[in-house]
1. Filtering region 123-160 down to residues that are among the aliphatic types (A, V, I, L, M) and open to solvent by 40 Å² or more (accessible area, probe 1.4 Å), which residue is nearest to Asp47 (Cα to Cα)?
2. With respect to the numbered conditions (1) free of Cβ contacts under 8 Å to residues at least 60 places away in the same chain; (2) open to solvent by less than 40 Å² (accessible area, probe 1.4 Å); (3) in contact with a Lys or Arg (Cβ under 6 Å, 6 or more places away or on another chain), which one is the sole condition not fulfilled by Val14?
3. Got at least one residue in region 11-25 being within 20 Å of the chain's Cα centre (by Cα) and at negative phi?
4. Taking the condition out of contact with any Lys or Arg (no Cβ under 6 Å at 6 or more places or on another chain), open to solvent by less than 50 Å² (accessible area, probe 1.4 Å) and of a type outside the set (S, T, N, Q), does Leu20 pass?
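The values are calculated or read from the model by the stated rules, or taken from the named source; none is laboratory data. Source: prediction; values computed, not measured. All Cβ positions, even for glycine, are placed from backbone atoms using ideal geometry, and neighbour counts span all protein chains on display. Each accessible area value is taken on the protein alone, full model and side chains, heavy atoms only, with ligands, DNA and RNA left out. Shrake-Rupley method; radii C 1.70, N 1.55, O 1.52, S 1.80 Å.
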Amino acid sequence: LNEQQWRLNISGLVEQPLALTLEDLRRYEPLHQFITLRCISNPVGGDLIGTTRWTGVSLQRLLPDLRLKPGASHLKIHAADEFFEVVPIETIKADERVMLAYAWDGVPLLTEHGFPLRIYIPDVCGMKQPKWITAIEVTDHWEPGYWVVRGWNKEAVMKATSVIDVVGMDMNIIEAGQRKMIIPIGGIAHTGARGVSKVELQVDNGPWEPALLRTPLSQLTWVLWRY
């Protein structure tokens, strides 16, 4: 998609159709959020997950300028690859974190990550969050999105997960007496936007023990833990 030719076309139940440029969206006060995103297909310990600082415009802030007609209840988000998803307007009104993102880590989105525009919706997997957005159609009803039509989970809420990512190497092993060593391990825990209050581990059949948690970058990111 070419930024100079690209437009975000707004149609449907609005007073007047709009065609917004990226520059139009950048004029709104930017929203910066540290976010962990995960694919619904990511296996435990898989690499289809990552944490990044996303920048964009809150849809809650943009909504009044769309001048919705009475009866408008949902936004149908269309992408250049024919992917689409439907977002309730009530979700947007209730959560300012729902946003149209145009940058990550301070630079424009890479093509594979949705340039020029993608949506972020807290607590749901990537299959509900279109990239390469070209249009928003305002409607008066819900309908199943692209992957839901094809049999995937209707809600796609991120499930709680915790994994061991790091096991201490020789230089990290601590001698702890005769025939005994302490080996540090660590990893991530993630529950979408719900936050993690505790991570516990059980070694063999021993008691459950609490791990140490690092303060997360935000309520929307994974938590790093160590034991």
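1. Ala160
2. The failed condition is (1).
3. Here is the first cut: in region 11-25, the ones within 20 Å of the chain's Cα centre (by Cα) are 25.
Cutting the leftovers down to at negative phi gives us 25.
Yes, region 11-25 contains a residue that is within 20 Å of the chain's Cα centre (by Cα) and at negative phi.
4. Numbers: out of contact with any Lys or Arg (no Cβ under 6 Å at 6 or more places or on another chain): yes; open to solvent by less than 50 Å² (accessible area, probe 1.4 Å): yes; of a type outside the set (S, T, N, Q): yes.
Yes.
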